[in-house]
Amino acid sequence: MGKSTKEKSNNVSSKWIDPVLQGLAYWIGYKKQFYHGHSINEGAIVSEALSLLSVNSEPNQKICCEEMYSRIVSDTNRKERADLVVYNHDKIESVIEVKRFESGKNLIEEDLKKLARIKNENIGIRCFLLLVSQKTIPFLFVNENGVAYKSTLRIPDSKFSSKVIRVCKAANSFREDAYLKANYACLIEVVCSKL
């Protein structure tokens, strides 16, 4: 298991973080055996993340998939959907967007901007980007040694930044350089920027 920074409790249950991230990292490696040479699509990753979140959630939590942004944020006319929304006693606790690192920096940044819009309207909702990378270090958030960056990264056109909460990886060997071709699952939170 790849260790990086751990999240502080912040009054929200975070027991799901390690099992979901590590489970996804192993699942990607497992699926790569079936679909060698092909990328796993984002929908399949969302589905697996939903399964892992469901079995690691609290009894009072409910996880919904493909929730309309119009139910979460008032300043949107678009038909955008949030990949995963965690409810606690019917109140939104967290919004999670899922993205493949291979999708590229622009699409990752767009998801972070969407999450920043939610955070701007309701500071109490935790907003996460669940970033998955197949056999590649997700260098925007993880350094060349496979360890999460500790600094925050400013989200353009917002007063928020992204911060890596946790990184898990799964490699197919114990070689010293195995992290170079490992499968990664990173949890990135949208947080208030420091002045």
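The values are calculated or read from the model by the stated rules, or taken from the named source; none is laboratory data. Please read these numbers as outputs of a predicted model, since none were measured by experiment. Methodologically, a virtual Cβ is constructed for each residue, glycine included, from the backbone with ideal geometry; neighbour enumeration extends over all protein chains shown. Calculation scope for accessible area: heavy atoms of the full protein, side chains included, ligands and nucleic acids excluded. Shrake-Rupley method; radii C 1.70, N 1.55, O 1.52, S 1.80 Å.
What the table below lists for this structure:
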quantity: Chain lengthening between E121 and E102 when straightened (0.36 nm per residue, less Cα-Cα); calculated: 3.9 nm
quantity: Local electrostatic count at E42 - Lys and Arg +1, Asp and Glu -1, tallied over other residues with Cβ under 15 Å; calculated: -3
quantity: Solvent-accessible area, 1.4 Å probe, carbon plus sulfur percent, for the chain; calculated: 50 percent
quantity: Local net charge near K32, Cβ-Cβ under 11 Å (Lys/Arg +1, Asp/Glu -1); calculated: +3
quantity: Where the chain is the region considered: accessible area per residue in Å², 1.4 Å probe; calculated: 54 Å²
quantity: Peptides ranked, highest mean first, by Cβ atoms within 10 Å: ranges 124-133, 139-148, 16-25; calculated: 124-133, 16-25, 139-148
quantity: Debye intensity ratio I(q)/I(0), log10, the chain, q values 0.10, 0.12, 0.18 Å⁻¹ (C-alpha model); calculated: -0.38, -0.55, -1.28
quantity: Accessible surface ranking that places the most exposed of I63, I188 first, with a 1.4 angstrom probe; calculated: I63, I188
quantity: Rounded tilt (10° steps) of 42-55 against the dominant C-alpha axis of the chain; calculated: 80 degrees
quantity: Helix 105-121 vs. the chain, principal-axis angle (Cα, 0 to 90°, nearest 10); calculated: 30 degrees
quantity: For the range 58-133: rounded, prolate or oblate by the Cα gyration tensor [a/c cutoff 1.5]; calculated: oblate
quantity: Cβ-Cβ FRET estimate between D90 and E66, R0 fixed at 30 Å, reported to 0.05; calculated: 0.95
quantity: Distance in nm between pseudo-label sites at S47 and E144 (7 Å out along the Cβ direction from Cα); calculated: 3.9 nm
quantity: FRET efficiency, R154 to Y35 (Cβ-Cβ, R0 22 Å, nearest 0.05); calculated: 0.05
quantity: At R0 = 25 Å, FRET efficiency that the Cβ-Cβ distance of V55 and S193 yields, to 0.05; calculated: 0.15
quantity: Using alpha-carbon coordinates, inclination of helix 17-34 to the longest axis of the chain, degrees; calculated: 50 degrees
